[in-house]
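The numbers here are math on the coordinates, done by the rules we state, and not lab data. Model, not experiment: these values are computed from the prediction. Don't worry about glycine lacking a Cβ; one is built from the backbone with ideal geometry, like all the others, and counts go over all protein chains shown.
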Amino acid sequence: MLRLKELLNHFFSIFFPFRCHVCKNNCEFGIVLCKDCLEKLKESIHKPLEVKDTTCDFPLYTMSSYNDFTSDIVKIIKYKPSKKLAEKLAEVCVEQADLKTFINSDDVLIPVPMHEKRFEERGFNQASVLAETYAKKLCCNFSPAIIRSRYTKPQASCTESERMTNLDKAFVLSPDIIESAFKGKRLIVIDDVATTGTTLQKSVESLKNLKAKEIIALVVAHSYKKIQNNNKNNKNQQ
Ligand SMILES: [Zn+2]
């Protein structure tokens, strides 16, 4: 049986060459990360650590710190785009960050939502893929409780002052949820990356009437300090 699987993989590799999504080396059919890149990713993921330098008014945890390799993977997921790579990233996070000791079966995982227009372009919401995969692996609750009420410019293409207002009233509670199901629970808002933290802040604000026990956020990577340092460097250069 194993032999047959190997032969089939060989056959597919010849006719449908499959490449590592990061370094472009040849891979077996269906494998999105080569062994070297998978190792590099594993090394860059650690247990959730609280990010101290954000403006968020809730605890924000990250599973990698200012790591260029993880940030590259997050970018490839979005711009390639690759749902399979997002699933692989989530699986590595569950193992390497030992998420079973951080997320309890009673917690509710809530992804940062994506507007329908962007969803149609990309075909998936990477925050949802992460949250759903964590929930599936850890047998906890998943709920797309927040929705986008309007289309907004990507935060990355906003000026610093635009960023503050770009997301005003952009996130609301889904009309499909049963609010009492969230009462007394710990809600964990999931996203791939935190930059200034504004997107997470606005998402968390939309959950504040749910009478949760606690609301926190968990991301794969963050670059908040980097941005602050770059700004400082730019100012020094002026
Ligand atoms: Zn590779």
**OP:** Please compute P(r) over all alpha-carbon pairs of the stretch 103-156, binned at 10 Å starting from zero, and give each bin as a whole-number percent.
**Re:** 24, 47, 23, 6
Subject >> Structure-based [θ]222 nm, the chain - -39500 (n - 2.57) summed over DSSP H runs of at least 4, per residue, nearest 500 >> reply: -12500 deg cm²/dmol
Original post:
Can you pull the Kirkwood radius for the stretch 146-201, inverse mean 1/r over Cα pairs, to one decimal in Å?
Top reply: 13.1
**OP:** Report, as a whole number in µm² per second, the diffusion coefficient that Stokes-Einstein gives for the chain at 10 °C and 1.306 mPa s using the Kirkwood radius over alpha carbon pairs.
**Re:** 83
Subject >> GNM top mover of Asp176, Asp192, Asp107 - the chain, alpha-carbon springs below 10 Å >> reply: Asp176
Original post:
What do you get when you divide the Cα radius of gyration of the stretch 91-201 by 2.2 N^0.38 Å, with N the number of residues?
Top reply: 1.12
**OP:** Under 12 Å from the Cβ of Leu167, count the other residues' Cβ atoms, weight Lys and Arg +1, Asp and Glu -1, and hand me the total.
**Re:** +3
**OP:** Any chance you could check the Cα centroid distance between the stretch 31-108 and the stretch 152-231 for me, in angstrom?
**Re:** 17
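Would you be so kind as to identify all helices of the chain, as entire DSSP H runs, whose Cα atoms reach 27 Å or more along the helix's own axis and whose mean Kyte-Doolittle hydropathy is at least 1.6? Intermediate values should be presented prior to the final figure.
Details: long enough: none.
Helices meeting the span and hydropathy rule in the chain: none at all.
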Original post:
Mind checking the alpha-carbon convex hull of the stretch 13-138 and giving the volume per residue in Å³?
Top reply: 127
